[in-house]
1. Within the bounds of the range B:95-107, is there any residue that is in contact with a His (Cβ under 9 Å, 6 or more places away or on another chain) and within 27 Å of B:S158 (Cβ to Cβ)?
2. Name the residues in the range A:87-117 that are within 11 Å of chain B (Cβ to nearest Cβ), among the β-branched types (V, I, T) and touching a residue at least 40 places away in the same chain (Cβ under 8 Å), would you?
3. Just the residues that are of a type in the set (S, T, Y) and closer than 25 Å to A:I115 by Cα, please, taken from the range A:54-99.
4. Just wondering, is there one or more residues in the range A:222-236 that are of a type in the set (A, V, I, L, M), under 23 Å from the mean Cα position of the chain (by Cα) and at pLDDT 95 or above?
5. Within the range A:503-524, take every residue that is surrounded by fewer than 16 Cβ atoms within 10 Å (Cβ to Cβ) and outside any strand (DSSP E or B) and give me the one that is farthest from the other protein chains (Cβ to nearest Cβ).
6. Got a sec? Which of A:S254, A:S235, A:S291 is surrounded by fewer than 21 Cβ atoms within 10 Å (Cβ to Cβ), closer than 27 Å to A:T170 by Cβ, of a type in the set (G, A, S) and in contact (Cβ under 8 Å) with a residue 12 or more places away in the chain?
Amino acid sequence: MRKITLFIVLIHFSFSIHGQTIDGLSVGFESNSTWYNDDKKTGDFADEANKDQDEHFRANNYLKIDYNFLSKLTASVQIESYEPFALLNYSTNFEGTNLGTYSLSYKTSNIDATIGHFYEQFGSGLILRNWEDRQLGINNALFGGKVSYRLLDVVGLTAVYGNHRVGFETSDGTIFGFNSEFELDSVFKWDEIALNIGFSYVGREDKIDLENPNYKPTTNAFSGRVDFNYRNFYSSVEYVTKSEDAIVQVNQVSNDFIKPGNGILFNTGYSKRGFGLDATFRRLENMSFYSNRKKSGNIFFENIINYTPGLTKQHDYLLTNIFVYQAQSAVSFLDPALLKAGEIGGQLDFFYNIKKETLLGGKYGTKMAFNAAYWSGLKGTFDYANQDYETEMFGFGSKYFSDVSLEIRKKWSPKWRSIFYYVNQYYNKKEIEGNFGAKPIVTNIGVIESTHKLGNGKSIRIEAQKLWSDSEKHDWIGGTFEFNLSSKISFYINDIYNNGDDSSTAKTHYYNAGGSYTKGATRVGLNYGRQRAGLVCVGGVCRFVPEATGLTATVTMAF
Amino acid sequence: MNKIITYGLLIISSFSFAQELPSLVLKDLDGNDINLNTLVESENIFVFSFWATWCVPCINELDAISEVYEDWQDETKVKLIAIATDDTRTKKRVRPMVNGKGWEYLVLYDDNQDLKRALNITTLPHTLVLKNQKIIQRRTGYNPGVEDELYEIIKENSN
């Protein structure tokens, strides 16, 4: 596959000089392939999901073509190929080569109608979101129809009907929804104030195969929200409620544990040039929502209707991403000592730019970013024997996670710039992962990063990282060295190492080395290294992946 | 099937495209609707930079351009539109970050990645250069110094 791809790249460049022009065509290609090898540290290659030990080479390929014709129509197809199997840790529903998504849309300045697969989001996604994330193997596009209508930049209305994409199939459960948005400031011709309100409905019908169910096949969810903006000040609030439905734990649908759900999201902030302050509060209670009840909480995020990401800062460095919070939106009564009905908490962000030519600002100014996040379980009375609970509206239960970080970006000279990063984290593994023996861990992480421009497009970047913890198990050190040979070619090497006695990671170098070549919108990368067991997180959604070692090639192209 | 894809790619890659922006309406930081097609209706050069608050190279690129943006505008009247692809998790950090950094760009939200998907962008940062509503240049990734190459392209194409 790699040879073929290289061939295509060459052909592309030779033809594009004399090539013809086709208006309205857009093409994207992405290929991620890995040759997994046996490794004395991370173990022999084995794919438990597909019960395979022989196919060491895996490739995920995506080809998307959009063609706009007759000015208002667009046809889209996405062909996907997972041969001979998908990369490790993908759902086995991604198998073989097939049409992943296809659609036809009609678009004018105020109407947008689509049949086939489509991606939609209502409000913040707390009630409905369809999205694709190829790195995590998420694609919950709806297959059906969608119509949107806009009236004079004042009213927006959308109706959707369809079934979820699950691998190359569609879900049995059906989703139908309606969204409306009103820009009140346009109606009243306010200049300095922006005021938008929104209301949505999402219904899910999933047949029940019980004789006397105590819950209904259709679950209804409603969302109301307000967005407000006045000069440098802004605020928004959203409330979501979900009707009574059976609680699902480990694929078991309970006919006696029936509960409604709700969510509150509040955000406010103030910002002006050189200064930004933002605060978010969220409370979720039983907000797990899937097109197929039995798939509730599945690790591949198949059949998921709504989007409840962990609201914490997404850190950029390897050691800052070992203990990552995942939102706890579901009810979990697995053990009398571990009773959960949701989460409550928030985060605060502060950005400040220290001016040039001041004591702390220096010649070029200094940029600061501070974040603090705190999350805990819901407070209430939990009755394990009778499988029931009552929660307090604003009560904080046991602490799940906290994270305090400070980032300072400093430019020393036209050629030198540095980033200083410090994080303090508290991670309650027992509560978050349902891991009974685990104790909460407190970590402190420091990172120093420096970039030095050498001229002629050459530059080097160095990272040094250290993680201290209150546990004997975790004491990490890490580093990265990156060399950019030109604006097109770069190489890197990184390594993290645990000096603690954690049985799964200790005394192993998780190193990676690779290079990439970029020309225009084409990027080719090659990487060899070890993947640490743990959470891989993209966009606030995390998935646990086991250890693996291999040679990975990635190609992305867009025309 | 793999062969079909290969041949398909071969045929497609032998053409060059003069692509336009899809007709989409995105919201700016103050909640106003911005129609992309009307936005680029001028003879000036437009640069679209796709970024996210969690993408370090994206921020490095926008920081680097920010330092010379005034000069760029004086000389070429170029306008940079920063498309924030942050989803709900980090969307609320966009506005304080943009202001905190003092960026002078027009920033638009693409929080369910409709524009990113329509333009088949897979990796960030991704930069488009537009002239007369047509995309004349695309680039993925950022290394220090790329901003100088970008400016060469802008200068060549500005009147």
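The values are calculated or read from the model by the stated rules, or taken from the named source; none is laboratory data. Predicted model only: the values in this text are computed from it and were never measured. No Cβ is skipped: glycine too gets one built from the backbone with ideal geometry, and neighbour counts run over all protein chains shown.
1. no
2. Residue satisfying the conditions is A:T101 alone.
3. Answer for the range A:54-99, where residues must be of a type in the set (S, T, Y) and closer than 25 Å to A:I115 by Cα: A:Y62, A:Y67, A:S71, A:T74, A:S76, A:S81, A:T97.
4. No.
5. A:S503
6. After applying the criteria, what remains is A:S254.
Matching residues to (1) touching a helix residue (DSSP H, G or I) at 6+ places or on another chain (Cβ under 6 Å); (2) under 26 Å from B:G141 (Cβ atoms); (3) of a type in the set (G, A, S):
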site	(1), (2), (3)
A:F401	no, no, no
A:G434	no, no, yes
A:A438	yes, no, yes
A:H452	no, yes, no
A:K473	no, no, no
A:E482	no, yes, no
A:K488	no, yes, no
A:D495	no, yes, no
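So that you can scan it fast, the table gives a plain yes or no per residue for (1) within 21 Å of A:D316 (Cα to Cα); (2) outside any strand (DSSP E or B); (3) touching a residue at least 40 places away in the same chain (Cβ under 8 Å):
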site: A:Q347; (1), (2), (3): yes, no, yes
site: A:Y352; (1), (2), (3): yes, no, yes
site: A:Y364; (1), (2), (3): no, yes, yes
site: A:G380; (1), (2), (3): no, no, no
site: A:D403; (1), (2), (3): yes, no, yes
